[in-house]
Amino acid sequence: MADRSTIYEVARRSGVSTATVSRVMADGKGFSPATRERVRAIAAELGWVPSGPARGLASRRSGIVGLLFPDLGRSGEAEEESPLYIDQVIRGAERAATAVGDAVLIAATQCASGRELAFSVAGKVDGLVVMARSVSDEDIDALARSVPVVVLANNRVRSGLDFVGADNRSGARDVTGHLITEHGIRDLAFLGGPSESPDSQDRFAGFCDALALAGLPVPGAPAADGAFTEAGGDQAARAMLAERVPRAIVCGNDEMAIGALGALRSARLRVPADVVVTGFDDIAATRHVRPALTTVHQPMRELGERAVQVLLGRLSEPAGPPFTVVLPTEVVIRGSCGCRAPGSRRQA
């Protein structure tokens, strides 16, 4: 972690006193809105956040770790729900923190206010776990100049930061390969998540790997974007079916797959007889939809747990080399692909 900027540098660059900087960062009074914006912008640029009450004592910690995750709702629409796996990640993070007597401060970043919230949280915790798409890569770099940061599910951030993620590419390659080799399917479409999502990118890459290995044409992009939500999966599948009906729809997550099942029912297409559907994540609902969903299991709680454990290790050893933890995924065979042996797992 690079040397931290100081309040004196922020004050010098802002043209105000250190007392004013302190009042601005504490949401105090006695300064103009323009001064507030200038000070906060320079603090963010320098990656400086005010110390928590205990951080000034070199031998003590606040006993709080932060977890930033993206609020994926769009314009407040109720049907645009966040991925259900986030809940499991949070549970795992809380379990790891509780085991050592720490607390977790969680924050959902949203729109323009997300950046300000991220830096505010950084000033109250000993370190941060930052999930993909919570803040920009540039802001992650700035945060890492102030507190230890573990990046979760975003391996595209600069090297030198601790990283925890799942083997998305192998999981998608293996479930796609299962459809090709075990079921003889040659016409497959990939329903992706947001284009900026590292998870969606890796899962699409795995899909393409399987097609290439089988000598099938490799598309340049997913057939549709379902935004990682059930509503988005339903809408994307309906649009896809209006143009063509593929033999298999490989979905970038389970929520989109569940939405696609609804779209297929509305189109009076049978799963798996007419169209095969697969998901990714292995959320609880995949066992209860009909037919039960063939998917890729990723250890969602363990992701959160390991990320906090890595962060706690970094707090104990600030100068150590960066950690990279990639957890395995497993294909879970159920009825939506046409198999008769539901629930069996094959590790990717």
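The values are calculated or read from the model by the stated rules, or taken from the named source; none is laboratory data. Quantities reported herein were computed from a predicted structural model and do not represent experimental measurements. Backbone-built Cβ (ideal geometry, glycine too); neighbour counts: all protein chains shown.
Any residue that is small (Gly, Ala, Ser) and either within 16 Å of Leu312 (Cβ to Cβ) or modelled with pLDDT under 85 (or both) - is there at least one of those in the stretch 156-164?
Yes, the conditions are met somewhere in the stretch 156-164.
Using the structure shown, decide if Arg238 is assigned by TED's automatic domain parsing to the domain that holds Cys208, without any contact (Cβ under 8 Å) to a residue 24 or more places away in the chain and not in a loop (DSSP other than H, G, I, E, B).
Answer is no for this residue.
What's the total number of residues in the stretch 74-89 that are at pLDDT 85 or above and surrounded by fewer than 19 Cβ atoms within 10 Å (Cβ to Cβ)?
1
Would you be able to tell me the number of residues in the stretch 90-149 that are outside any strand (DSSP E or B), of a type in the set (Ser, Thr, Tyr) and within 12 Å of Leu67 (Cα to Cα)?
1
Okay, residues lined up against (1) within 30 Å of Val147 (Cβ to Cβ); (2) assigned to a loop (DSSP other than H, G, I, E, B); (3) in the same structural domain as Thr181 (by TED's automatic domain parsing):
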| position | (1), (2), (3) |
| --- | --- |
| Glu255 | no, no, yes |
| Val271 | no, yes, yes |
| Val277 | no, no, yes |
| Leu315 | yes, no, no |
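Yes/no matrix, rows are residues, columns are (1) farther than 25 Å from Arg340 by Cβ; (2) buried (at least 24 other Cβ atoms within 10 Å of the Cβ):
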| site | (1), (2) |
| --- | --- |
| Met240 | yes, no |
| Glu243 | yes, no |
| Pro272 | no, no |
| Thr278 | no, yes |
| Glu305 | yes, no |
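If you go through the stretch 268-287 one residue at a time, how many are modelled with pLDDT of 95 or more, small (Gly, Ala, Ser) and out of contact with any Leu (no Cβ under 7 Å at 6 or more places or on another chain)?
1
Conditions tested, residue by residue: (1) of a type in the set (Phe, Trp, Tyr); (2) more than 19 Å from Gly338 (Cα to Cα); (3) surrounded by 24 or more Cβ atoms within 10 Å (Cβ to Cβ); (4) at pLDDT 95 or above.
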| site | (1), (2), (3), (4) |
| --- | --- |
| Val218 | no, yes, no, yes |
| Ala263 | no, no, no, yes |
| Ser266 | no, yes, no, yes |
| Leu293 | no, no, yes, yes |
